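Beneath this line is the structure, given in structure tokens, with notes to follow.
Only the coordinates and a few stated rules stand behind these numbers; no lab work does. Every value quoted in this text rests on a predicted model; they were computed, and no experiment measured them. Counting neighbours? That spans all protein chains shown, and the Cβs are built from the backbone with ideal geometry, glycine included.
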Amino acid sequence: MDRSIDRRLCGQCHQSIGSEALVAMNRLWHPDHFCCSSCKRPIKQTFQAADNHAYCVQCFAQKYNPKCSGCMETLVDTCLLALDRHWHPRCFTCNTCNRPLPNGEFYLVDDKPYDLDCHWAKRLEKREHIERGER
Ligand SMILES: [Zn+2]
Ligand SMILES: [Zn+2]
Ligand SMILES: [Zn+2]
Ligand SMILES: [Zn+2]
């Protein structure tokens, strides 16, 4: 039993492969025959594997990546984990001024994220409410 013969065949069309071969998923492929399991387009460069299927980066991201809790779009490269949810850094914003929180650093007031300045303003505001309420 010689498995090396099998490996000389393209994983898609099972024809033998000439000089131009692509190695992926422990198999050889004609460069145009290594396709994304989802969009069926040839994967020319980077691929992602899941459950023995290869996907192009875009399809893999759509299938498996988390979605941003701000804009509900699929997160591709940068993503921020905060408040048990995923965000684009630009979508994770201060609840008062709506500016993106620097480095994803935030301060919680009433379970809502604020940047440093707005968080102090918010806390002062809350304190005034409480003090007024107590009087
Ligand atoms: Zn082929
Ligand atoms: Zn695809
Ligand atoms: Zn977003
Ligand atoms: Zn702010």
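Taking Lys63 as the anchor, which aspartates and glutamates have their alpha carbon closer than 19 Å to its alpha carbon, excluding any fewer than eight residues away along the same chain?
Leaving aside aspartates and glutamates fewer than 8 places away in the same chain, those within reach of Lys63 are Asp51, Glu73, Asp77.
Compute the separation of the alpha-carbon centres of segment 21-91 and segment 107-135 and state it in Å as a whole number.
41
Restricting everything to alpha-carbon atoms, can you work out Rg to Rh for the chain with a Kirkwood hydrodynamic radius? Walk me through the intermediate numbers first.
On the way: Rg = 25.3 Å, Rh = 18.9 Å.
Looking at the chain, the ratio lands at 1.34.
Tell me the trypsin sites (Lys or Arg not before Pro) within segment 10-53 that lie in a loop according to DSSP and have at most 11 other beta-carbon atoms within 10 Å.
On the way: sites: Arg27, Lys40, Lys44; in loops: Lys40, Lys44.
The qualifying sites are Lys40, Lys44.
Provide the per-residue ³J(HN,Hα) series for segment 77-82, in order, calculated from phi with Karplus coefficients 6.51, -1.76, 1.60 and θ = phi - 60°, each as a whole number of Hz, with x at glycine and proline positions.
Residue by residue, segment 77-82 yields 9, 7, 8, 10, 9, 8 Hz.
Cα extents of segment 65-134 along the three principal axes, largest first, in whole Å?
Each principal axis gives a Cα extent; for segment 65-134 these are 49, 17, 14 Å.
For the chain, what does the helix formula give at 222 nm: sum of -39500 (n - 2.57) over DSSP H segments with n ≥ 4, over the residue count, nearest 500 deg cm²/dmol?
Details: 3 runs with 31 residues, N = 135.
Here the helix-only value at 222 nm equals -7000 deg cm²/dmol.
Return the percentage of antiparallel bridges among DSSP beta bridges fully within the chain, rounded to the nearest 5 %.
Values: 17 of 18 bridges.
So the antiparallel bridges amount to about 95 percent of the total.
So who's got an amide H within less than 5 Å of the one on Ser37, skipping anything under 5 residues away but keeping other chains? H placed 1.01 Å off N, in plane.
HN-HN under 5 Å from Ser37: Ala54, Tyr55, Cys56.
Can you list the GluC sites (Glu not before Pro) in segment 58-135 that are in a DSSP coil and have 13 or fewer other beta carbons within 10 angstrom?
Values: sites: Glu73, Glu105, Glu125, Glu128, Glu131, Glu134; in loops: Glu73, Glu105.
Filter output for segment 58-135: Glu73, Glu105.
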